[in-house]
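Working notes, beginning with the structure itself.
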Amino acid sequence: VEVLKAQSLCYCFDLDETLLKSYCGNIVNEDPESSFQREWKIIEDQYSSEQKDMIRQFFTHFNERLKEFRKREEVGGLDNLVRKWGNRKKRHTCQIETAVLSNGNTVRRPVVKYDGPGNENVRLTEIQFPPPPVDTNMIFFIRPGWSNRLLPFLKERRQSVWVSTAGEMDYSYEAWRLLDPRGEVIKRNSFKQRINNVDVKNKNEKKSIWKCVLNESPSRLTSTRDLPFVVTIDDRTDVWLPNEGAYLHNIKAFKPYKNAHQTIPRDNELMRMVSLFKMLEEEVWADVKARDGQAKALWESEAQGIDPAAAWARGEVKPLQHFVSRVNRMRQSLQEMDGLLDIIDRLPSPPTADTCRKYLIKHAEALLRDKDGRTLLDALNQFLTLNT
């Protein structure tokens, strides 16, 4: 009912490597079993020597900043530290902010807004986990496109937003607070209801949209019911219940170091996602409006003594399953477009790739509804034939 009144879909987001990326402790950890070394093995296989040098410089730069933040009292506190980091081109700010803990208490935390190389949306803070004492000074990289595209999109449409994440609860609360500092998307007093933490290390526990959005335990009953107004966004598909794949929009994992070198394609996943969601919203609510008209027609025909079953059989009123299947087809088309944009990113000529991307985004809606039955792939192949 809430969704229909607001004319807004429900969105369920993962946090880590979907909307942000965080590091704590020693980022450049030489331990072969560390997360950095596992990540570096992937980098070794994918990038040139020049690109790898720039990526290592990126990690080294932010590793030094995190070390200095940890020892901030030795240089006279946050203000002195930020002045030390700043220059004419880069201006950083610091302040003490109030945060809500998972037990309902509030704490004051130091937060530095850092304008770093290739990453303008960086935050350094200390979360202060409960004992045993661990180093909880952390650096957060907020994904490009969040502050200027996706966050305004969610605020403008009064979206119902949930979070489903594998992070520790107090960490998740702080991560979302940094993303939504004014509480305009999820209010502070709604964190407990809207932020769902799952232990994905437990192989028997999976993320569930039913558990997150409706607080219902997944069961045989829920697995046979549809939630046509819900979209989930995650960089991983294996952490969700298998039968909930219809709701999942898979997104590339966020790697902040990709902005470290100009020859590495910049991360534009959230910008792309907003374009896709706008099309999905328009399609869904146009269909809802059409079904509303059909329902009114059925009501009026019943009032006039016309058999509703006969009207239904003639196709004058489409059943709910018709709407659900249309939404699912729309999602499949969006995923197809997402895959094509990924292919475009790998084309040898960047100008051609950029031209193709703009073409697809501009004409995607018309292509998805092409009466001749053309797919996006057909349209892209035709476009490449004419323009390459």
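Considering the stretch 20-142, its Cα convex hull presents a mean projected area of 9.2 nm².
Which order do the peptides 71-79, 144-152 come out in when sorted by mean C-beta neighbours inside 10 angstrom, highest first?
Top to bottom by mean Cβ count within 10 Å: 144-152, 71-79.
Residue separation of Lys278 and Asp31 scaled by 0.36 nm, minus their Cα-Cα distance, works out to 84.5 nm of gained length. Once C-alpha pairs closer than 8 Å and six or more residues apart are averaged by separation and normalised to the residue number of the stretch 20-142, the relative contact order reads 26 percent.
In terms of packing, defined here as the mean over residues of other Cβ atoms within 10 angstrom, the peptides 100-110, 15-25 line up highest first as 15-25, 100-110. Indicate the gyration tensor shape class of the stretch 35-80 (rounded, prolate or oblate), computed on the Cα atoms with a ≥ b ≥ c the square roots of the eigenvalues: a/c under 1.5 is rounded; otherwise a/b larger than b/c is prolate and the rest oblate. Prolate is the answer for the stretch 35-80, as a/c is 1.5 or above and a/b outweighs b/c. Lysine pair count for the stretch 20-142 with Cα-Cα distance under 23 Å and sequence separation of 8 or more or different chains is 18. Judged by the mean number of other Cβ atoms found within 10 Å, the most tightly packed of the peptides 48-54, 161-167, 275-281 leads the ranking 161-167, 275-281, 48-54.
Read-outs: derived from the displayed coordinates by stated rules, not from any lab. These numbers come from a predicted model, not from an experiment. Ideal geometry is used to build each Cβ from the backbone, glycine not excepted, and the neighbour counts take in all protein chains shown.
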